[in-house]
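What follows is a set of notes on a single structure, which appears directly below.
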Amino acid sequence: MYDNIEEALGRSEGDYTEIRLEKEFRDTVKYEKEDLINLDSSVESGGIVRTLVSGGWGIATFNSTEELGDKVDQATQVARTASSYLSEPVELADTPVEEESIQPELERDFRKIPLEEKRKLLESYNELILNFDKRIKSTKALYSDSYRELTYANTEGTRIRQSVPDVVLSLVSVAKSDDGSPQVAHDSVGEATGFELVTGREDMATGVARRALELLDAEPVRGGEYTVLLNPKLAGVFIHEAFGHLCEADHFYKNDRLQEIMEIGKQFGPEDLNVVDKGYIPGRRGNTTFDDEGVLRQKTYLIKDGRLNNFLHSRETAAKMGGKPTGNARAVSYRHEPIVRMTNTYIEGGVESFEDLLSSIDKGIYAQDAYGGQTQLEQFTFSAGRGRLIEDGELGPVLKDVVLTGNIFETLGNIVGIGDDLEIIGSGGGCGKDGQFPLPVTTGSPHIRIKNLTVGGR
Amino acid sequence: MKLLEKASKRAKSAEVFQIESQSVPVKFTAGELESVKSYETSGAALRVIDEGQLGFSTGTDLGDGEEIVSRALETAGIGEEVQFSFPEPQKTGSSETFDGETARLSPEQIMEMGQRVIDEITEFDSELDVNVSLQRSSDRIRIANSNGLDLSERRSSISISVDVKLVGTEDIFSFYDSCQAASLGNLDVDGLLERIKQRLKWAGLRTKLPTGRYPVIFTPRGLTVLLLPLLTGFNGMNVYQGTSKLGDKKGKKVADSSFSLLDGGVFPDSPFNRNFDDEGVPTSEKKLLDEGVVNGFLYDVRSAYLAGEEPTGNGTKGGIRGGSDFRSQPDASPITVVIPPGDRSFGKIISDVDRGLLVDQVLGLGQGNVLSGEFSNNVSVGYRIEDGAISGRIKNTMIAGNVFDLLERDLVLASESQWVGGDLKAPAIAVDGLSVVQKD
Ligand SMILES: [Zn+2]
């Protein structure tokens, strides 16, 4: 495959040109209620050329890779047009030339598992949920696997082939009492591993059924300010959404005022707060051994000892800000250019036990799991999957519709307690940014306690 | 069509969805050109029903079609037993969906449009950080099945989306707006700029609204807070599965009689007309709510069969926005939603409020228990109304409620309507007694 690419790169008149080709094999099984709603076995291929001409980016994406040279010409042409408009040419930070071929070793390669076995497994989980209780009205059960073969080459000489596996199981149950509102519970796992990840997940199925039922009798939370104890799942999503995205340098590399707010060394949290983005942890979904600019993965401390320590960079943002590329330029597929993204992002473990964190809360909320979160610069909002009232250090009744919101800088400063039980969690779904969704990532955290957090509600 | 012939020889019935897209996205970051892109996609989806079982596969580089046909048949071999069949040919509308001039817009022309938007906004306030994304695109879609249905349509579109940030020392104000049209002549750039400047004028002063219950006015863009949960109630699959709050309410009044809700594929000035859905069913206009009364639901072929209803032209591939993603199976989803306006002007509605909130944009849209109608959002763009006038921008403010409860109250709909993105036309709507939580 490199022959084709070498020839096309050779034709490039740009100052810098890269080609990324992808072939993806994927199987999907989806049940809703009793119905097998999707069974899909597909192959997709395509590519992208990105080229710099006089400091302007031109990009061409395509499905047919036969006339690669023409695509290089196409990208060059739009780059020329772009460069005539630029006030400041794009530069790329230096990075070593890499030559590497990476194939994952899978315990049970899902490409060799018959589709029928995948279907049957998912059907069994779906039935477990449906038959759990007659108040379970509906389900959504999803299995998907994807195997992406990526080939990357640029005019600096970097040549990388890597294959990226991804397997996901996601289960949703909807419970409804006779005249009540439907209540939803979900759970998912997703990792860069083999089929073994999704077998033996009966507890996950019964878990989502049980939790949806619990929510039927749950009280809606009362809006107000609380001390909130976040479980690792929710705290992981919180640190990814509310803080991780802020550290993506492409948000502010051209904005001086935002750079003042995001000043390296600034105290953002307590002394024992450390936040990390790590490009490789065996088997994890967020793994990016080489990013989509051919930069080797790293471990980057975003917060160290409570202080802002570093940003996540692409070659472009690193050059502009005088930093070093961190291996975080990722593209969700061949249809997109790489942008600055997270990989495996987590809060490092502290010293307090769960009991210690809980027992010192007089009145508060234990917020568990995440429906989702959204942030807009320093503002964030998260929906917890469920919650428990905390009174006098004890867990009380189940709460529903728990939504947390606030200002990230204030909230980081209000972290008063970091647990010793770090969990890194790969779930289904993924991260979205600038129309690129879903990008596989993992998030992680121990239990953390935050004071004065606003909880929405009526 | 070769692929259809090939599949039809080996399966009892087959359907091919084909799309060829070409687009030119142009991106400006912090007021400067970032990149220009030439984007081409060519893909197909094949559905087969063989021995009563459904199979599905998609692909890009199809070659002789052997791989996609084999994969679709393999999935059919273990696939869902289905009773429905692919749609029969029907007469579809013939509204214009394509504009050649728009489809041929050059990168230079698009860059100039973007530059104009940036210049006008930064002229208004040079401190603003403005990101602009523009895109012109043209799609050619063909749907053919073994019942003899064979439809094709070309669709053009031009869109601009703008993201504005005002970074202060203590606070960041940020919002988003967009406009879209099938032809350049209908692209309302002036309206977009007008709305952006209006927000900035209103945002001049920071203020707070004490926690309590207030009348709340949702702008057309803010209305998505209510529409997202509401529309899940009209989804035919949710109705069939028993999870829709409206499933058993057909013919019953669930909203104020000033409120009607329409869905369809063709509206006079719509930015996104389409004469048929992604299964080839005509996109008829229908009333979902008629003066507050539930009138019907949205079905694709499969959910219609399961629910014992007729397909309504709402089979879309790829969810709630846009559809036509060849990789997805079709499911039921709104195409274009229209809420007919009321008879009081927006200005009058505001002047009638002693103390309240104007909600334009929120965080956390669609999170939480959408099926039950619950919403709880951080208002990212909102303004306090005091003595009948906007008195400033609020922040750290949450709204919460239940759509199905709210709509039963007295609603006031503004007489002016506006397109939001490409698929919603609505007036501003005022509701009473919404819970607002303000963090100090
Ligand atoms: Zn994210």
Give the lysines whose C-alpha is closer than 17 Å to that of A:Lys299, dropping any in the same chain fewer than 8 places away, or say none. A:Lys278, A:Lys324
Accessible-area loss of at least 40 Å² (1.4 Å probe, chain alone to full protein assembly) applies in region B:64-105 to B:Arg71, B:Thr75, B:Ile78, B:Glu80
Can you work out the accessible area per residue across chain B, with the rest of the protein chains kept in place, probe 1.4 Å, in square angstrom? 36 Å²
Find the relative contact order for chain A and round it to a whole percent, using C-alpha pairs within less than 8 Å whose residues are 6+ positions apart. 16 percent
Kindly identify chain B as rounded, prolate or oblate by the Cα gyration tensor criterion: order the square roots of the eigenvalues as a ≥ b ≥ c, call it rounded if a/c is under 1.5, otherwise compare a/b with b/c, prolate if a/b is larger, else oblate. oblate
I need the shape label for chain A. Rule: rounded when a/c is under 1.5, else prolate if a/b > b/c, else oblate, with a, b, c from the alpha carbon gyration tensor. oblate
Partner chain Cβ atoms within 10 Å, averaged over the residues of A:59-68 - can you pull that number for me? 4
Low-density loop cleavage sites - GluC sites (Glu not before Pro) in region A:218-288, where at most 12 other Cβ are within 10 Å (DSSP): A:Glu263, A:Glu271
Accessible area of B:Lys249, 1.4 Å probe, to the nearest 10 Å²? 70 Å²
Would you mind telling me the share, in percent, of accessible area of the protein assembly as shown contributed by carbon and sulfur at probe 1.4 angstrom? 44 percent
If I model region A:414-458 as equal point scatterers sitting on the Cα atoms and use the Debye formula, what is log10 I(q)/I(0) at q = 0.17, 0.18, 0.22 Å⁻¹? -0.76, -0.80, -0.86
Among A:92-99, A:120-127, the order from most to least packed when residues are scored by Cβ within 10 Å on average: A:120-127, A:92-99
Dipole in debye (nearest 20) - chain A, about Cα centre, beta carbon charges: Lys, Arg +1; Asp, Glu -1: 720 debye
So for region B:2-198, Kirkwood radius off the Cα pairs, Stokes-Einstein at 37 °C and 0.692 mPa s: how many µm² s⁻¹? 166 µm²/s
Along each principal axis, Cα extent of region B:205-440, largest first, Å: 52, 35, 34
Per residue, how much accessible surface does chain A expose to a 1.4 Å probe? Answer in Å², no decimals. 36 Å²
Which residues of region A:168-209 show a drop of at least 50 Å² in accessible area when all protein chains are present, compared with their chain alone (probe radius 1.4 Å, heavy atoms only, ligands and nucleic acids excluded)? A:Pro182
Looking at the protein assembly as shown, what % of its DSSP beta bridges pair antiparallel, to the nearest 5? 90 percent
Set A:Lys23/B:Lys6; A:Lys320/B:Lys37; A:Lys23/A:Lys71, cut-off 19 Å on Cα-Cα distance; pairs above it are A:Lys23/B:Lys6; A:Lys320/B:Lys37
Just how much of A:Thr443 is accessible, in Å², when a 1.4 Å probe is used and the result is rounded to the nearest 10? 20 Å²
For peptide A:69-80, what's the mean number of Cβ atoms from other chains within 10 Å of each residue's Cβ? 2
Debye calculation, C-alpha points only, no solvent: report log10 I(q)/I(0) for region B:107-175 at q = 0.13, 0.17, 0.29 Å⁻¹, in the same order as the q values. -0.56, -0.72, -1.21
Can you list the residues of region A:372-420 whose accessible area drops by at least 20 Å² going from the chain on its own to the full set of protein chains, with a 1.4 Å probe? A:Gln374, A:Gln376, A:Leu377, A:Glu378, A:Gln379, A:Thr381, A:Ser383, A:Asp401, A:Val403, A:Thr405, A:Glu410
Gyration tensor verdict on region B:280-418 (Cα atoms; rounded if a/c is under 1.5, prolate if a/b is larger than b/c, oblate otherwise): prolate
For the protein assembly as shown, convex hull of alpha carbons as volume per residue, Å³: 146 Å³
What percent does the relative contact order of region A:355-409 come to when contacts are Cα pairs within less than 8 Å and at least six residues apart? 36 percent
So for chain B, averaging the separation of alpha carbon pairs under 8 Å that are six or more residues apart and normalising by length, what relative contact order in percent results? 16 percent
Taking the full set of protein chains and a 1.4 angstrom probe, give the accessible area of B:Asp343 in square angstrom, rounded to the nearest 10. 150 Å²
Would you calculate a helix-derived [θ] at 222 nm for chain A, using -39,500 (n - 2.57) for each DSSP H run of n ≥ 4 and dividing by the full residue count, to the nearest 500? -5500 deg cm²/dmol
Once each part is reduced to its C-alpha centroid, what is the distance from region A:429-447 to region B:165-194 in angstrom? 27 Å
Averaged over B:391-401, number of beta-carbon atoms from partner chains that fall within 10 Å: 3
What value, in deg cm²/dmol to 500, does the helix sum -39500 (n - 2.57) over DSSP H runs of n ≥ 4 give at 222 nm once divided by the residues of chain B? -5500 deg cm²/dmol
Kirkwood hydrodynamic radius, region A:2-217, all distinct C-alpha pairs: what's the number in Å? 20.4 Å
Buried solvent-accessible surface, both chains (B, A), 1.4 Å probe, Å² to nearest 100: 7100 Å²
Hand me the trypsin sites (Lys or Arg not before Pro) from region A:260-300 located in a DSSP loop with no more than 14 other Cβ atoms within 10 Å, in residue order please. A:Lys266
Leaving ligands and nucleic acids out of the surface, order B:Arg140, A:Arg257, A:Arg449 by accessible area at 1.4 Å, largest first. B:Arg140, A:Arg257, A:Arg449
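The values are calculated or read from the model by the stated rules, or taken from the named source; none is laboratory data. Note that the structure is a prediction, hence the values are computed from the model and not measured. Ideal geometry is used to build each Cβ from the backbone, glycine not excepted, and the neighbour counts take in all protein chains shown. What goes into the accessible areas is simple: the full protein's heavy atoms, side chains included, and nothing from ligands, DNA or RNA. Shrake-Rupley method; radii C 1.70, N 1.55, O 1.52, S 1.80 Å.
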